[in-house]
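A.B. asks: A single structure is presented below for examination.
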Amino acid sequence: MNLLKLQDILGESIEKITNENLDESRKVEEIRNAQNISIVAKQMISNANIIFRSEKAISEGKFLPKTMELIGYEEKQK
């Protein structure tokens, strides 16, 4: 899954929990689902940020072996 797909899922989740036609029990269920999606989304965004910052550092010539190993950056990609 990429961040654009995540954005779509978050948008759908917002639409569901703001739907005025849902009964109370269904709304509670949708809110619970939205909370779970939010937890996963935060982690995905955090991971993407780490990769972005690492790639930026590598492209600027700041080759940090431990960071490169952590993100699975192979020497041949340089």
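Laboratory data are not the source of any read-out in this text; all were calculated from the coordinates shown. Predicted, not measured: the structure shown is a model, and the values here were computed from it. Here the Cβ is made from the backbone with ideal geometry for all residues, glycine too, and neighbour counts use every protein chain on show.
A.B. asks: Check cross-link reach from K62 to the aspartates and glutamates: straight Cα distance under 15 Å, and skip same-chain residues fewer than eight apart.
C.D. replies: E74, E75
A.B. asks: On to the next question. Students often forget the sequence filter, so: which aspartates and glutamates lie under 14 Å Cα-Cα from K27 once same-chain residues fewer than 8 apart are removed?
C.D. replies: E12, E15
A.B. asks: Picking from I45, L4, L22, whose Cα lies most toward the positive end of the charge dipole for the chain (charges on Cβ: Lys, Arg +1; Asp, Glu -1)?
C.D. replies: The residue sitting farthest along the positive end of the dipole is I45.
A.B. asks: Related question: When the expected Rg is taken as 2.2 N^0.38 Å, what fraction or multiple of it is the alpha-carbon Rg of the range 3-77?
C.D. replies: 1.64
A.B. asks: Whole-Hz ³J(HN,Hα) for each residue in the range 31-46, computed from phi via Karplus 6.51 cos²θ - 1.76 cosθ + 1.60 with θ = phi - 60°, x for glycine and proline: what do you get?
C.D. replies: Whole-Hz 3J(HN,Hα) from phi for the range 31-46: 5, 4, 4, 4, 5, 5, 4, 4, 4, 5, 4, 4, 5, 4, 5, 4.
A.B. asks: So what is the relative contact order of the chain, in percent, for Cα pairs below 8 Å that sit 6 or more residues apart?
C.D. replies: That works out to 23 percent.
A.B. asks: Tell me the mean residue ellipticity at 222 nm calculated for the chain from its helices only (DSSP H runs of n ≥ 4, each -39500 (n - 2.57), averaged over every residue, nearest 500).
C.D. replies: Numbers: 3 runs with 57 residues, N = 78.
Estimated from H runs of four or more residues: -25000 deg cm²/dmol.
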